[in-house]
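Each remark here refers to the structure printed beneath this line.
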Amino acid sequence: MEKKIVDLDWKNLGFGYIKTPWRYLSYWKNGSWDEGSMTEDNRLHISEASTALHYGQQCFEGMKAYRTKEGKIQLFRPDQNAKRMANSCKRLIMPVFPEDRFVKACQKVVAANQEFVPPYGSGASLYLRPMLIGVGDQIGVKPAPEYIFTVFCTPVGAYFKGGLSPVNFSVAEDYDRAAPHGTGAAKVGGNYAASLLPHELAKDAGYADCIYLDPATHTKIEEVGAANFFGITKNNEFVTPISPSILPSITKYSLLHLAKEYLGLKASERDCFIDRLDEFAEAGACGTAAVISPIGAIDYRGDHHVFFSETEVGPITRKLYDTMLGIQFGDIQGPEGWVVEVPLD
Ligand SMILES: *Cc1c(COP(=O)(O)O)cnc(C)c1O
């Protein structure tokens, strides 16, 4: 049964926490996950000795549910989030939450909170935050004796209120978000803790965020804040960096596919050197939150490098953005399996 959408100022919604009625929670103990259940309690009750609190043994995911023109609700590639969380878990020796159960849990949470899925046309969506944390009574540095997997959701507004507009970035030269063989490719809180200070410094200097270079040589672009980098070369090739310490963005791999199959461009993963920015006619940052933030300019060692324009988005970046959003909101037919409907009962 479809429920009436709650009355919120959808057009002006930001990226804040709004408590929704229901969340999913499953507990791991003695070698297995329990059957899991929905709860209205938005507080976690965990041991003060939980490894998630002391040693950063935790990981998370981020994805969105979209309402289509017909009123259906759909998720975008949730199987990819399930797979990535499984990889994050393996890196931190945490038990994997089965991938099919992950997707079902997300569907359940969306269905239970369906009146908070923003109306089609508002640009807003329902953000889902699955996470898996080490808990239980233990103070030594080793994997936790117990774990919690939970999924909650909160409605979020369109990232760009006045349409896609480019933003500028600095380059972090004194800080890294991850080590060469650290946890950069796992979606774990520790990487974010490391990024809070450089982010604040970049913000204070007037930038949207900072670009992180490869931690070993500081010559190649890795991440743009908490998003992946891509560039469109002057001969129309979609290029995105490759490195074992980049977080594999699902948006990035989706854009790579769309660039090839929908826009007919060449597309590749390869090194993107910070002193070779002139090879790109357009550049952008990509991730679930904004899908694409066009990069106006990058400041690096006194050079103010402008890509397409500091005020306007380039034509290929716009096309990629429109295609992605079209698929996510159900206006464009996506590749097989990308869109997963949420059963509403
Ligand atoms: C989550 C994340 C991204 C974007 O990944 P998406 O799957 O596209 O949302 C990029 N970089 C970092 C560091 C991230 O944590």
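Annotations
- Expressed as a whole percent, the accessible area of region 167-328 that falls on carbon and sulfur atoms is 51 (1.4 Å probe).
- Computed over protein heavy atoms with a 1.4 Å probe, the accessible surface of the chain works out to 45 Å² per residue.
- Region 261-345: GluC sites (Glu not before Pro) falling in loop per DSSP and having at most 10 other Cβ within 10 Å: E336
- Multiplying the residue separation of I18 and Y253 by 0.36 nm and subtracting their alpha-carbon distance yields 81.6 nm.
- Cleavage-rule hits (chymotrypsin sites (Phe, Trp or Tyr not before Pro)) in region 1-97: DSSP loop, at most 15 neighbouring Cβ within 10 angstrom: F15, Y17
- Eligible aspartates and glutamates near K29 by straight Cα distance, threshold 15 Å, same-chain separation 8 or greater: D137, E146
- Amide N proximity, region 245-283 versus R301 label position 7 Å along Cα-to-Cβ, cut-off under 16 Å: 272-279
- Global geometry of region 98-224, whether rounded, prolate or oblate, following the gyration tensor of its Cα atoms and the 1.5 cut on a/c: oblate
- Taking G163, G314, G134 as the candidate residues, the one with maximal mean-square fluctuation in a Gaussian network model of the chain, Cα springs under 10 Å, is G163.
- Cα shape, the chain, gyration tensor, a/c 1.5 rule: oblate
- Contact order relative to length of the chain, as percent, for alpha carbon pairs under 8 angstrom and 6 or more apart: 20
- Taking the Cα centre of region 167-328 as origin and assigning +1 to Lys and Arg Cβ atoms and -1 to Asp and Glu Cβ atoms, the resulting dipole is close to 560 debye.
- Of the solvent-accessible surface of region 10-156, computed with a 1.4 Å probe and all protein chains present, 53% belongs to carbon and sulfur.
- Working note: 222 nm ellipticity from helices only, DSSP H runs with n ≥ 4, each -39,500 (n - 2.57), summed and divided by the residues of the chain, gives -6500 deg cm²/dmol to the nearest 500.
- Across the cross-link table entries K108/K187; K11/K319; K4/K83, which are compared at the Cα atoms, the separations over 30 Å belong to K4/K83.
- Span from the region 152-186 Cα centroid across to the region 279-345 one, whole angstrom: 13
- Size of charge dipole - the chain - debye, nearest 20, with Cβ of Lys, Arg +1 and Asp, Glu -1, no other charges: 680
- In region 258-345, the chymotrypsin sites (Phe, Trp or Tyr not before Pro) that fall in loop regions by DSSP, at most 14 other Cβ within 10 Å: none
The values are calculated or read from the model by the stated rules, or taken from the named source; none is laboratory data. Fair warning: this is a prediction, and the values are worked out from it, not measured in the lab. Here the Cβ is made from the backbone with ideal geometry for all residues, glycine too, and neighbour counts use every protein chain on show. Heads up: the accessible areas ignore ligands, DNA and RNA and are worked out on the full protein's heavy atoms, side chains in. Shrake-Rupley method; radii C 1.70, N 1.55, O 1.52, S 1.80 Å.
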